[in-house]
1. Restricted to the stretch 109-157, and to residues that are of a type in the set (S, T, N, Q) and at pLDDT below 90, which residue is nearest to GLU69 (Cα to Cα)?
2. Run down VAL58, VAL30 and say which single residue is crowded, with 17+ Cβ neighbours inside 10 Å and either modelled with pLDDT of 50 or more or of a type in the set (D, E, K, R) (or both).
3. Let me spell it out: the conditions are (1) in a helix (DSSP H, G or I); (2) exposed (fewer than 14 other Cβ atoms within 10 Å of the Cβ), and ILE98 meets all of them except one. Which number is the exception?
4. Examine the stretch 112-128 for a residue that is touching an Asp or Glu at 6+ places or on another chain (Cβ under 9 Å) and touching a residue at least 24 places away in the same chain (Cβ under 8 Å), and state whether such a residue exists.
5. Is it the case that GLU111 is among the charged types (D, E, K, R) and either in a helix (DSSP H, G or I) or surrounded by 17 or more Cβ atoms within 10 Å (Cβ to Cβ) (or both)?
6. I'm checking my understanding of the structure. Among residues of the stretch 132-150 that are among the acidic types (Asp, Glu) and assigned to a loop (DSSP other than H, G, I, E, B), which one is surrounded by the most Cβ atoms within 10 Å (Cβ to Cβ)?
7. Within the stretch 61-87, can you find the residues that are at pLDDT 90 or above and not in a loop (DSSP other than H, G, I, E, B)?
8. Condition (residue is of a type in the set (Gly, Ala, Ser) and either at pLDDT 95 or above or within 21 Å of LEU74 (Cα to Cα) (or both)) applied to the stretch 179-196: is it met by at least one residue?
Amino acid sequence: MGRRGGRGEEEVRGLNRLRGPIRPRANLYVNGKVWYRRGVTAETPTNLLRIQEAATEVDLTTRSIRYYEELGLLKPAARSEGAYRLYDADDLDRLRFIKGLRDDAGFSLGEIGRLLEDETARARNRERFRATEDPAERRAILVDAIERVDRQVVTLRSKIERLEAMIGEAEERRAHLRLHLAEIDAGQASHAARHQHNPDSGSHPR
């Protein structure tokens, strides 16, 4: 009998090994497909990472990744037979995209979810468009794609408007502070000028 220790590691490595049963046993479920312990094929997924490895790669916590999964922002590319989450390069790109929108652009997770949904639909529409020659169906696909892009533009413009409003408020605060600074500087200059014209003021002899 084969060694059973370190089963999770063996499941991932087993994708790149030949195993001997006549009827191969399913050990991974990747994007709706069942993968078997056979020899490497052109479709066999490789370089799958566990959640801790993925978190390190994209500079996130495992808790954040699990939370994104709960919200439906991310679905692991695969799960091993031992129920370990496994992530591929597309998952890592998606995590970096989420992190960038959240940290750099200030998007809420709800807004990110809508953008990701539209991006997923865009990829699906592209495949549907290539798979059909029917003009009516192609037109419907294009109309749907345009509507989704329009929604993205609205979301992005509203973000720009909020940022511009915040910038305007900050510039008003800066102008107000500069006015106070100018008043103080003007007062000091006036005091210095009076002192220069009346150097003995305040010290009259008796």
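1. Looking only at the stretch 109-157, we keep the residues that are of a type in the set (S, T, N, Q), and these are 120, 125, 132, 152, 155.
Going one step further and asking which of them are at pLDDT below 90, we end up with 120, 152, 155.
Values: THR120: 15, GLN152: 22, THR155: 23 Å.
Step by step, filter the stretch 109-157, then rank; the result is THR120.
2. On the way: VAL30 fails: either modelled with pLDDT of 50 or more or of a type in the set (D, E, K, R) (or both).
Every option except VAL58 fails the conditions.
3. With respect to (1) in a helix (DSSP H, G or I); (2) exposed (fewer than 14 other Cβ atoms within 10 Å of the Cβ), ILE98 is out only on (2).
4. Applying the first criterion (touching an Asp or Glu at 6+ places or on another chain (Cβ under 9 Å)) to the stretch 112-128 yields 121, 125, 128.
Those still in the list that are touching a residue at least 24 places away in the same chain (Cβ under 8 Å) too: 121.
Yes: the stretch 112-128 contains one or more residues that are touching an Asp or Glu at 6+ places or on another chain (Cβ under 9 Å) and touching a residue at least 24 places away in the same chain (Cβ under 8 Å).
5. In short, yes.
6. Taking the stretch 132-150 first, the residues among the acidic types (Asp, Glu) are 133-134, 137, 144, 147, 150.
Filter once more, so that each one left must be assigned to a loop (DSSP other than H, G, I, E, B): 133-134.
Working: GLU133: 7, ASP134: 10.
Applying the filter and picking the extreme gives ASP134.
7. The answer is THR62, ARG63, SER64, ILE65, ARG66, TYR67, TYR68, GLU69, GLU70, LEU86, TYR87.
8. Filtering the stretch 179-196 down to residues of a type in the set (Gly, Ala, Ser) leaves 182, 186-187, 189-190, 192-193.
Filter again for either at pLDDT 95 or above or within 21 Å of LEU74 (Cα to Cα) (or both), leaving none.
No - not one qualifying residue is present in the stretch 179-196.
The values are calculated or read from the model by the stated rules, or taken from the named source; none is laboratory data. All figures in this text were calculated on a predicted structure; none of them were measured in a lab. Note that we place each Cβ from the backbone using ideal geometry, even for glycine, and neighbour counts take in every protein chain shown.
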